[in-house]
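Some notes on the structure that comes next.
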Amino acid sequence: MKSSRHFLKLFILGVFMVALHASATHYRAGDISYEYIAPLTYKVTVRTITEDNLADRDSVRIRWGDGSSDEILMRSNGPIINGYHNGEPAGFGFKRNLYIGTHTYAAAPPSPRNYYIISFNDPSRVGNVINMNNGNSDDVPFYAEDTLFFDSNLTVNSSPVFIKDPFDYAQINQLFVHNQNPLDPDGDSLSFELVKPLMAPGVPAPNWRTPQDVPVPNDLGNQFSVDRFTGNITWDVPKLIGLYNIGILVKEYRAGVLIGTVHRDFHIIIDNNHNTTGIDQQKLNDGLFVKLLPNPNSGNFKLEMDDNKTYDVTISNLISEIIMTAKVQKEHNFMMNDAPTGIYLVTISNDSNVTTLKFSLNK
């Protein structure tokens, strides 16, 4: 009887663990940013992209990097369901989750080290990422970090932020360009580098391949890059349908001196049957939205703003040639009937916002 009870406990525990794994959040992408509040005090935001389902986490565990205890941060965006914020739709069936906390460091890090690493990790990465661990990416923990530097000459610094979420959707055999919309609140210089995603501090994801090496390496018709100066991600052109993840190392400089780094985990979905006709929408800094519709289009499209402010709009091609400019308030119809087929970038800005949408012009 005693052995039967022991077996029953093991069976129940096994069922519980299976259920827990089945309901786990599967992280697709994420990043961390921090904002200077006062000397030694910073507000940190963890952003994750997950499936939009009930298995999502309402909290994450963050490490401040100074030896203090890990802290649980509750999700702070989206509608409240059953007493907890539920995140908000990010498009393509994904959810954007924001977790915000404030931490005061006791002192600057001891010499010779002059930085703290703020990090977040979780064992539940999405599976079937074909350029990671031979597709067994659900065995690779998810990890993102931001490095907080301290220097006697550095009085105030906030990390760069990215207006666009760290994921995008693209079509097989079509040129893919993603503008990360980086913004440094202090006006510092930024550089960008394609790196391996991480699974722990300093530990890269196993068996990772750059997307241009999938399905075969050295294919001149399959070139992938991250622009060092703008951060633009270009894939010319994807050859295999599936899920991909890359790491993007962002370095922050002031007067030529490195003062911070951000390691983003970025997710790309390549498909051949997703109907992209519809609305391309971006959230602005003040929580408002700008919409471009339809996308793709034949050269006639409309921009819609949530407010009555005036925005400067610049439309350019992928080699930065300006096609058209306009001032837009509330909504505006554009006609580009003479423009050739291709991908175009629409930059929208005013005193408090800047964002970039893209659309496909097909004739």
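Read-outs throughout are calculated quantities, based only on the coordinates presented, and are distinct from any laboratory measurement. All figures in this text were calculated on a predicted structure; none of them were measured in a lab. Backbone-built Cβ (ideal geometry, glycine too); neighbour counts: all protein chains shown.
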Burial ranking of peptide ranges 323-333, 109-119, 42-52 (average Cβ count within 10 Å, highest at the top): 42-52, 109-119, 323-333
Between PHE229 and ASP307, what length in nm is gained on full extension when 0.36 nm per residue of separation is reduced by their alpha carbon distance? 24.9 nm
Over 24 Å between Cα atoms, which of LYS302/LYS327; LYS291/LYS327; LYS43/LYS251; LYS95/LYS239; LYS43/LYS164; LYS43/LYS358 qualify? LYS95/LYS239; LYS43/LYS358
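Which net charge results for the neighbourhood of ASN128, defined as the other residues with beta-carbon distances under 15 angstrom from its beta-carbon, given Lys and Arg at +1 and Asp and Glu at -1? Write down the numbers at each step before the final one.
Working: positive: ARG28, ARG125, ARG209; negative: GLU51, ASP138, ASP139, ASP271.
Once all neighbours under 15 Å are counted, the net charge is -1.
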If you take every residue apart from ILE269 with its C-beta less than 13 Å away from the C-beta of ILE269, what net charge results, scoring Lys and Arg +1 and Asp and Glu -1? -3
Nearest-20 debye value, segment 280-361 charge dipole, Cβ charges on Lys, Arg, Asp, Glu: 100 debye
Nearest-0.05 FRET efficiency for ALA339 and ARG209 at R0 = 35 Å, using Cβ-Cβ distance, is 0.45
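Please give the calculated 222 nm ellipticity per residue for the chain, where each DSSP H segment of at least 4 residues contributes -39500 (n - 2.57) and the sum is spread over every residue; nearest 500 deg cm²/dmol?
-2000 deg cm²/dmol
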Whole-Hz ³J(HN,Hα) for each residue in segment 78-85, computed from phi via Karplus 6.51 cos²θ - 1.76 cosθ + 1.60 with θ = phi - 60°, x for glycine and proline: what do you get? x, x, 8, 10, 6, x, 10, 4
Please list, in order along segment 163-168, the HN-Hα scalar couplings obtained from phi with the Karplus expression 6.51 cos²θ - 1.76 cosθ + 1.60 (θ = phi - 60°), rounded to whole Hz, x for Gly and Pro. 5, 8, 5, x, 7, 7
Just one of (i) 193; (ii) 173; (iii) 183 is volume of the Cα convex hull per residue in Å³ calculated from these coordinates, so which is it? (iii)
Charges at C-beta only: +1 for Lys and Arg, -1 for Asp and Glu. How large is the resulting dipole of the chain about its Cα centre, in Debye rounded to 20? 880 debye
May I ask for the distance between the Cα centers of segment 96-160 and segment 324-363, given as a whole number of Å? 34 Å
With the dipole of segment 280-361 defined by +1 on each Lys or Arg Cβ and -1 on each Asp or Glu Cβ, the option from SER316, LEU293, ASN333 whose Cα lies farthest towards the positive pole is LEU293
Rounded, prolate or oblate: which one fits segment 280-361, using the alpha carbon gyration tensor with axes a ≥ b ≥ c (rounded when a/c is under 1.5, else prolate when a/b beats b/c, else oblate)? prolate
